[in-house]
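Okay, structure first, notes after.
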Amino acid sequence: MPRIERTAEIVWEGNVARGQGHLSGLSGAFTGLPFSLPSRIGAPNGKTSPEELLAAAHGGCLTMSIASELTQAGTPPTRLDTTCLIVMDELEGEGHQIVASSVTVAVDADGADDAAIAAALERADAGCPFSTLLRKAGVAVSISRA
């Protein structure tokens, strides 16, 4: 796989408590996603957060990895439904830290039994760069079937 580089632009206006920002991917896939401290720590109210974007990144990467593993095993998926929950908590003496990423996947792959799917999930997790990154940072990563 070639080296991959992607860029996002972030604009923030105001102080942290009352300010707000917008996130845009230079690919054009998303533009002007709003985020703020109140929507980050409280009700989202239609705005995103860095944690939600991390959940999407980890879940998306792992889902592609699962599709690859199942395909290589000769049982390509017809559908994968993935949910990723990122947990940030305050750790004594360390401030707020990402502490967990819990991924749940519903797998529909003709010809793949439970053992084959479990093996594919394990290989996919081991090969997912986001799982590796999070674990190296001390984050508890769990993958389970729905």
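Treating the beta-carbon of each Lys and Arg as +1 and of each Asp and Glu as -1, no other charges, what is the dipole magnitude of region 88-129 about its Cα centre, to the nearest 20 debye?
Taking the Cα centre of region 88-129 as origin, the dipole is about 160 debye.
Just to be sure I understand the rule: take each whole DSSP H helix in the chain, project its Cα atoms onto its long axis, keep it if the span is 15 Å or more and its mean Kyte-Doolittle hydropathy is at least -1.0. Which ones pass?
Within the chain the helices that satisfy the rule are 50-72, 114-127.
Mean residue ellipticity at 222 nm from the helices of the chain, using -39,500 (n - 2.57) per DSSP H segment of n ≥ 4 over the full residue count, to the nearest 500 deg cm²/dmol? Write out the running numbers ahead of the final one.
Numbers: 4 runs with 50 residues, N = 146.
It comes out at -10500 deg cm²/dmol, rounded to the nearest 500.
Could you work out the relative contact order of the chain? I mean the mean sequence separation of Cα pairs under 8 Å and 6+ apart, divided by the number of residues, in percent. Working shown, then result.
Working: 227 pairs, mean separation 25.4, N = 146.
Across the chain, relative contact order equals 17 percent.
Mind checking which of GLY93, ALA56, ASN15 is farthest towards the positive end of the chain's charge dipole, using Cβ charges of +1 (Lys, Arg) and -1 (Asp, Glu) about the Cα centre?
About the Cα centre, the residue reaching furthest to the positive side is ASN15.
With a cap of 12 neighbouring Cβ atoms within 10 Å, and only residues DSSP puts in a loop, list the GluC sites (Glu not before Pro) found in region 36-97.
GLU92, GLU94
So, in nm, how far is label SER24 from label GLU90 when the simple model puts each one 7 Å beyond its Cα toward the Cβ?
Taking the simple label geometry, SER24 and GLU90 are separated by 3.6 nm.
Could you point to the residue in SER24, ALA120, LEU80 farthest towards the positive end of the chain's charge dipole, with +1 and -1 charges on the Cβ of Lys/Arg and Asp/Glu respectively?
Going by the Cα projections, it comes out as SER24.
Quick check: pseudo-label points 7 Å beyond the Cα along Cα→Cβ at ILE10 and GLN97, how many nm apart are they?
Between ILE10 and GLN97, the simple spin-label model gives 2.0 nm.
Ranking request for peptides 37-47, 1-11, 75-85, 116-126: highest mean number of other beta-carbon atoms within 10 Å first, then the rest in descending order.
116-126, 75-85, 37-47, 1-11
With a cut-off of 12 Å, note down the residues of region 10-26 whose backbone N falls inside the zone around a label point 7 Å from the Cα of ASN45 toward its beta carbon.
18-20
Taking 0.36 nm per residue of sequence separation and subtracting the Cα-Cα distance, how much length would be gained by fully extending the chain between THR31 and LEU80, in nm to one decimal?
15.0 nm
Using the Cα centre as the reference, give the magnitude of the dipole from point charges on the C-beta atoms of the chain (Lys, Arg: +1; Asp, Glu: -1; all else neutral), rounded to the nearest 20 debye.
The dipole magnitude comes to about 360 debye.
Report, by chain and number, residues whose modeled amide H sits under 5 Å from the one on VAL141, excluding near sequence neighbours (fewer than 5 apart, same chain).
SER101
Gap in Å between the Cα centre of region 92-108 and the Cα centre of region 57-84?
Between the Cα centres of region 57-84 and region 92-108 lies a distance of 19 Å.
The numbers here are math on the coordinates, done by the rules we state, and not lab data. These numbers come from a predicted model, not from an experiment. All Cβ positions, even for glycine, are placed from backbone atoms using ideal geometry, and neighbour counts span all protein chains on display.
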